[in-house]
Structure formats: structure tokens, C-alpha cells
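Chemist: To start, I am sharing the structure in question, which I have written as C-alpha cells.
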Amino acid sequence: MSAAKQPLKGFRVLSAEQYGAGPYGTMFLAQLGADVIKIEPPKGGDTARQVGPHWLREAESLYFQSFNLNKRSLTLDLRSEKGIEVLHRLVKDADVMANNLRGDVPARIGLDYDSLKSVNPAIVCAHCSAYGRDNERAKWPGYDYLMQAEAGFCSLTGEPDGPPVRFGLSMVDFMSGTQMAVGLLAALLDAQRSGEGCDVDVDLLSAAVHQTSYPAIWYMNENDVTGRVTRGAHPSATPSQMFKAADGWMFVMAQIPKFWPVLAAKIDHSELIDDPRFDTPANRLKNRAELTAVLDKVFEQHPMQHWQQLLQGHVPVAPVFALDQALDNPWLKTIGMRETISHKDRQEIDVLSSPIKLNGERLPNKAGPLLGEDSDTILGEIGYDADAIASLRAEGIV
């Protein structure tokens, strides 16, 4: 690991987490230096460990590595009395107790602030559930794709004459986990000053609805329902959409008025600048179909690389890559967004670097832990000797 600045070094985060949303958020904390202890059921652990199709060993998936870099793993049965005793010993010196369990579960098994404040008044309890903990949906299971559907994302994605389409990735999970991390860090800062912790709640549906952003404001105030636009175009500005070059698709975004004359001049069609069909943003939007046809004829004459070299730095432009092309893009090496780490079961694993830089350096990464890899060490840190640990293991508590 590098010697990059780690502002959360010395803070301990306990997390009863699984799958995507919660682990994604706490991974940022671990990369920022926090000691993130991932609490997993003794039998099987986080369900993400069983997600194929690619494996490091049986029940140790590459998928799991996506969300659990830099963490330690403790197996612990939180539904047992002795497991809760261990938890309370951990909480005593911890700063955060996080989870992404179903909304009705944290209070029932004692992971909320009311349950833990007598153990540690400054503990911050962060909850990332599907629908929240304080309503009639608290007991409902819920996942990213459902939120994309109910929050309107699917109706905004895809071609106008096609079926609704979800995002290619679980973006609501990632948004929600990140928002949980923001909320708990703010609460942690307050707890450091006041000595009093609290509950921090983020639910997937609320996070998804919040991301509807300006179309939501347009609808709530003007009854304007934003729909799908062909080629993934911006709903109110043009040209800001995909165009097809001679060898594939690219995205051109001249949606800010200053870029329109630059684009027209760069593609050697300055006559378009003052064309009455396209001379103002309103006219360009009104005549979007005509403008698309005009620009299609221009862009199809040369490959994408030609247009990128011509426009880059002057007009916002990007190739529309397939996933393999995106990850093999040499630019990622230039900016350090890929790195290779080692794992006990594979000498080299390629992972994505943190998008966060401190003092110009990306945050360090190390492989996610094997199930229960750190149990003995962690239990020893809170006062359990070898015999006590052996007894807990024999009883299935760890």
C-alpha cells in the first residue's frame, strides 16, 4: 500500500453489510484509512461471496472484491446472545455501526442508536435500507432494479419507441452507499465535537427519487413530464446526443450555447451558425431532427478518432465505448484508475482505483478479506484470549 494521506486513520467502522449498497459505501471509508470491520454470518458470510461467474476459490468471488477492498472480516452471529456480547465490546471503542439490512432488522437485533447508546453514547449508527425503517414498507425486501423502475429511471432510459430500460449497472446501490457514507461522516464529525451519536438513514428509493433532480423540479412546478429522447439526447438542449461516425458512435455535447459556433466552425460548416433553423438554442431544439440529419451526414464521413482529435479540448466529445474498450482505454493508465493488487488465492488481481485523490495521490487498495480472516485478531484486540475465541468458534458464534 502507498503512503498516501488517510484522513480516517484511527477511526473504527463496524458494518453488518452484504451485497452492494452498504459495502460500496464503507469501502470508501476503508480506502480513506478507517478500520472497517466487516461483520459476516459464520456460515456463508456476505452473499456477495457466492456471486459468480468468476472465482478466486470456492465461495470466494471476484464480484466480492468489487465492494470490499481494504476491509477486515469478522464472522459473528448477531442473532445470538453471545454474539451481541461480542458486538457490544466492539461498539465500546468503535465510531460507527453501519448496516444495509432490511428496514425492520436493525432495531430487532440491536444495531440502532437506541440499542447501542448505553454502550457508547458517541456511536453513529448508519442504516442503508431499501425503503427506510419508519414506514409500512420497512419489512419489504428491495433491490436496485426495483428502485430504478419505481423512481422513473426506466421510463427515462432507452429509445422513445422502445420498452423501458434500466441502467446497465446498479447505480442506485452505488448512489445510496455513497450517500450513506456522506451522512455518517457528517454525523461522525458532530459526534466528535458533541460526544453524542445518532442514527443516519438512507433508503434506496429516496436516493433514487432524489437523483431525478431537475426533471423532478420541472414536473413538480410546471407539470412538465420529461420523456425519452432518441439517441440519449438531452431533453432540452441540442446538439447534445449520440452521433454515428464512420466506425461507431460518439457523444457530442454542444448544449451550452458557446459551443455551437465552435462546433460548426471545427467541422468546417460555419454556415450553420447563422442558419435560421439553428441560430438560437430554441430554434435548434425546435429543429432537432433536421439538425441531427445535417450533422449525421458530416460525422459519417470520418472515423471517431478523427472527430475526437479535431474537437477535443474545444467541444465536449467522447467515444461510445463497449465495456472492454472503456477499461482498456489508455487514458485510465495515464490517470491511474487501474491498479494491480495481490490476494492469497491469486498473485495478481486488477482492480479499479479510488476516484478520490488526496494531495494528488489516489487512495491505497488491498484485497478484500477471506471470510473470517481477521476474526482471531479482532477478538484479541477487544480482550478475548485464545481459549475464549476457541469456545466462541465451537459454539458457532464466530
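Chemist: For the stretch 277-292, enumerate the residues that are touching a Pro at 6+ places or on another chain (Cβ under 9 Å) and in contact (Cβ under 8 Å) with a residue 24 or more places away in the chain.
Modeler: PRO281, ARG284, ARG288, LEU291, THR292
Chemist: What helices (runs of 4 or more DSSP H) completely inside the stretch 63-167 contain at least 3 residues that are within 30 Å of ALA390 (Cβ to Cβ) and of a type in the set (Val, Ile, Thr)?
Modeler: 81-92
Chemist: Out of all the residues in the stretch 339-376, which are among the polar types (S, T, N, Q) and either open to solvent by 80 Å² or more (accessible area, probe 1.4 Å) or farther than 21 Å from ASP93 by Cβ (or both)?
Modeler: Hits for the stretch 339-376 are THR340, SER342, GLN347, SER353, SER354, ASN359, ASN365.
Chemist: Right, something else. Residue check: is ASN329 closer than 28 Å to LEU263 by Cα, crowded, with 16+ Cβ neighbours inside 10 Å and free of Cβ contacts under 8 Å to residues at least 12 places away in the same chain?
Modeler: So ASN329 does not fit the description; no.
Chemist: Just the residues that are open to solvent by less than 70 Å² (accessible area, probe 1.4 Å) and either among the charged types (D, E, K, R) or in contact with a Pro (Cβ under 7 Å, 6 or more places away or on another chain) (or both), please, taken from the stretch 114-155.
Modeler: HIS127, ALA130, ARG133, ARG137, ASP144, CYS154, SER155
Chemist: Any residue at all in the stretch 19-29 that's part of a loop (DSSP other than H, G, I, E, B), open to solvent by less than 10 Å² (accessible area, probe 1.4 Å) and closer than 17 Å to VAL351 by Cβ?
Modeler: yes
Chemist: Answer yes or no as to whether ARG108 is touching a Phe, Trp or Tyr at 6+ places or on another chain (Cβ under 8 Å), open to solvent by 40 Å² or more (accessible area, probe 1.4 Å) and at pLDDT 95 or above.
Modeler: Taking the combined requirement at face value, the residue does not satisfy it.
Chemist: Between a first residue in the stretch 263-276 that is within 15 Å of PRO239 (Cα to Cα) and a second residue that is assigned to a helix (DSSP H, G or I) and open to solvent by 60 Å² or more (accessible area, probe 1.4 Å), which pairs have beta carbons less than 6 Å apart while being 6 or more apart in sequence or on different chains?
Modeler: Sorted first by the residue in the stretch 263-276, then by its partner, the pairs are ALA264/SER270.
Chemist: List the number of the failed condition for ALA98; all other conditions in (1) open to solvent by 10 Å² or more (accessible area, probe 1.4 Å); (2) under 24 Å from GLY372 (Cα atoms); (3) under 28 Å from the mean Cα position of the chain (by Cα); (4) of a type outside the set (Asp, Glu) hold.
Modeler: Of everything listed in (1) open to solvent by 10 Å² or more (accessible area, probe 1.4 Å); (2) under 24 Å from GLY372 (Cα atoms); (3) under 28 Å from the mean Cα position of the chain (by Cα); (4) of a type outside the set (Asp, Glu), ALA98 misses just condition (1).
Chemist: Which of the residues that make up the stretch 30-58 are outside any loop (DSSP other than H, G, I, E, B) and open to solvent by less than 30 Å² (accessible area, probe 1.4 Å)?
Modeler: Hits for the stretch 30-58 are ALA30, GLN31, VAL36, ILE37, LYS38, ILE39, GLU40, ALA48, ARG49, LEU56.
Chemist: Confirm whether MET175 is open to solvent by 20 Å² or more (accessible area, probe 1.4 Å), touching a helix residue (DSSP H, G or I) at 6+ places or on another chain (Cβ under 6 Å) and closer than 24 Å to ALA34 by Cα.
Modeler: In short, yes.
Chemist: OK, next. Find the residue count for the stretch 7-61, including only residues that are among the hydrophobic types (A, V, I, L, M, F, W, C) and closer than 22 Å to THR377 by Cα.
Modeler: So the first thing to find is which residues in the stretch 7-61 are among the hydrophobic types (A, V, I, L, M, F, W, C), and the list is 8, 11, 13-14, 16, 21, 27-30, 32, 34, 36-37, 39, 48, 51, 55-56, 59.
Among the residues that remain, those that are also closer than 22 Å to THR377 by Cα are: 8, 11, 13-14, 16, 27, 29-30, 32, 34, 36-37, 39.
Selection size over the stretch 7-61: 13.
Chemist: Scan the stretch 180-223 residue by residue and report those that are in contact (Cβ under 8 Å) with a residue 40 or more places away in the chain, part of a helix (DSSP H, G or I) and open to solvent by 90 Å² or more (accessible area, probe 1.4 Å).
Modeler: GLN192
Chemist: When the stretch 360-398 is examined, which residues are found to be assigned to a loop (DSSP other than H, G, I, E, B) and farther than 28 Å from ASP350 by Cβ?
Modeler: ILE382, GLY383, TYR384, ASP385, GLU395, GLY396, ILE397, VAL398
Chemist: Considering only the stretch 73-82, I want to know if a residue exists there that is touching a residue at least 24 places away in the same chain (Cβ under 8 Å), over 18 Å from ALA394 (Cα atoms) and open to solvent by less than 10 Å² (accessible area, probe 1.4 Å).
Modeler: yes
The values are calculated or read from the model by the stated rules, or taken from the named source; none is laboratory data. Keep in mind the model is a prediction, meaning the values are calculated, not measured. So basically every Cβ, Gly included, is an ideal-geometry build from the backbone, and we count neighbours across all protein chains shown. Surface accessibility is based on the protein's heavy atoms, side chains included, excluding ligands, DNA and RNA. Shrake-Rupley method; radii C 1.70, N 1.55, O 1.52, S 1.80 Å.
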